[in-house]
1. Choose one of C:Phe8, C:Thr59, C:Leu28: the residue whose Cα lies farthest towards the positive end of the charge dipole of the protein assembly as shown (beta-carbon charges +1 Lys, Arg; -1 Asp, Glu; about the Cα centre).
2. Within chain A, what is the longest stretch that has no GluC sites (Glu not before Pro) placed in a DSSP loop and near at most 14 other beta-carbon atoms within 10 Å?
3. Taking 22 Å as R0, compute the FRET efficiency from the Cβ-Cβ separation of C:His100 and C:Lys21 and round it to 0.05.
4. Over its Cα atoms, what ratio of radius of gyration to 2.2 N^0.38 Å does chain C give?
5. Diagonalise the Cα gyration tensor of region A:28-97 and give the resulting equivalent ellipsoid semi-axes, square root of 5 times each eigenvalue, largest first, whole Å.
6. Can you figure out the FRET efficiency of B:Ala40 with C:Glu64, using R₀ = 25 Å and their beta-carbon distance, to the nearest 0.05?
7. For region C:63-120, compute Rh as the Kirkwood radius over C-alpha pairs and then the Stokes-Einstein diffusion coefficient at 20 °C and 1.002 mPa s; write the answer in µm²/s, rounded to an integer.
8. Take the alpha-carbon centre of region B:5-39, take the same for region A:85-109, and report the distance between them in whole Å.
Amino acid sequence: LSFENPVFGQFAFYSGIVICKTMAMSLLTSVTRMKNRAFANPEDYKLRGKPGDEGKPVTNATVERIRRCHLNDLENVIPFVLIGLLYVCTKPDPSTALMHFRAFTGLRIFHTFAYLIPLP
Amino acid sequence: LSFENPVFGQFAFYSGIVICKTMAMSLLTSVTRMKNRAFANPEDYKLRGKPGDEGKPVTNATVERIRRCHLNDLENVIPFVLIGLLYVCTKPDPSTALMHFRAFTGLRIFHTFAYLIPLP
Amino acid sequence: LSFENPVFGQFAFYSGIVICKTMAMSLLTSVTRMKNRAFANPEDYKLRGKPGDEGKPVTNATVERIRRCHLNDLENVIPFVLIGLLYVCTKPDPSTALMHFRAFTGLRIFHTFAYLIPLP
């Protein structure tokens with residue numbers, strides 16, 4: 001486990017991408033909550049909630065979709081990184097390992113777009 | 001941190017089991033959603049939702065139970081793997097370490113069955 | 001990645017703190033569920049739920065707030081530990097690394113208090 005090992009370097013690169021993608025969902029949730037004025041906490045929706053709904057939390061379909069996508073990332077990306085770390089320790093064939101890392105990263109990014117663009 | 005270290009090998013084995021168990025909950029959620037036609041996304045419940053409920057998301061008690069169990073796994077299994085990795089680096093006594101890994105793995109599998117089989 | 005490396009030792013120390021803080025939320029959820037008799041599972045709320053509400057799950061605002069805080073921890077602490085582990089492998093400057101670990105740990109503890117004490 002050091003950057004002299006090329007497989008570890010590639011693992012670190014692709015893990016970094018998928019972890020950053022997962023954390024970007026937090027930002028997207030925040031922005032969507034602001035835009036739709038749909039807040040989870042009373043102190044937020046009292047001050048800035050939808051006009052006429054000041055007393056109640058507002059559930060917004062887009063916010064909930066992004067949160068489901070974020071949770072799905074947690075359920076899949078974190079196990080990928082942990083299993084990947086153990087996998088790197090088994091001294092795998094570099095090209096096989098790289099193929100797995102690329103496939104997972106590509107499919108995760110595809111999943112995010114596919115999930116967040118609702119079918120008409 | 002290499003497979004020449006027997007404690008790391010055992011840690012990798014038991015971590016693999018509990019992470020796979022956690023990921024199996026995703027599959028169980030999918031299958032239960034299909035069987036009960038209880039979907040979270042409009043594009044799914046419009047096409048395949050319960051007859052007469054086409055326009056609304058259906059919340060199913062079994063699906064929600066499996067999702068709570070999955071979240072509970074994330075809350076416990078991931079910290080176990082991360083703390084376990086740091087623990088392996090402290091060069092622990094192999095038999096003590098093995099006992100901890102086995103106890104956690106056994107209890108997690110017991111927890112899943114205990115949680116998913118509702119009391120009558 | 002061994003305790004001979006001082007950066008790794010510090011990383012392990014601060015990671016341990018934030019992971020334990022995350023896991024403490026489970027305990028807090030349990031205690032708050034008991035105190036408010038607000039349970040998620042039918043087998044729990046049938047036996048010990050609020051008098052007069054025996055048949056229905058009770059959603060408690062404080063329990064939901066703690067659960068949101070716990071999920072927020074999972075979304076932020078786990079990526080910190082994983083990215084941190086990769087960061088330690090890049091042989092960073094010890095004082096810079098220590099500053100980052102301390103800042104994250106301090107801010108996470110501050111976040112928890114700030115989130116759990118609702119504004120009046």
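The values are calculated or read from the model by the stated rules, or taken from the named source; none is laboratory data. As the structure is a prediction and not an experimental result, all values here were calculated from the model. Using ideal geometry, Cβ is built from the backbone for each residue, glycine included, and neighbour counts are taken over all protein chains shown. With ligands, DNA and RNA removed, areas are computed over all heavy atoms of the protein, side chains included. Shrake-Rupley method; radii C 1.70, N 1.55, O 1.52, S 1.80 Å.
1. Most positive-ward Cα: C:Thr59.
2. Details: sites that count: A:Glu4, A:Glu54.
The segment A:55-120 is the longest one with no such site.
3. Working: r = 17 Å, r/R0 = 0.78.
Given R0 = 22 Å and the Cβ-Cβ separation, E is 0.80.
4. On the way: Rg = 18.9 Å, N = 120, 2.2 N^0.38 = 13.6 Å.
Cα Rg divided by the expected 2.2 N^0.38 Å: 1.39.
5. Numbers: eigenvalues 349, 20, 13 Å².
Taking √(5λ) for each eigenvalue gives 42, 10, 8 Å, largest first.
6. On the way: r = 19 Å, r/R0 = 0.74.
That gives a FRET efficiency of 0.85.
7. Numbers: Rh = 12.8 Å.
This corresponds to a translational diffusion coefficient of 167 µm²/s.
8. Here the two parts' Cα centres lie 19 Å apart.
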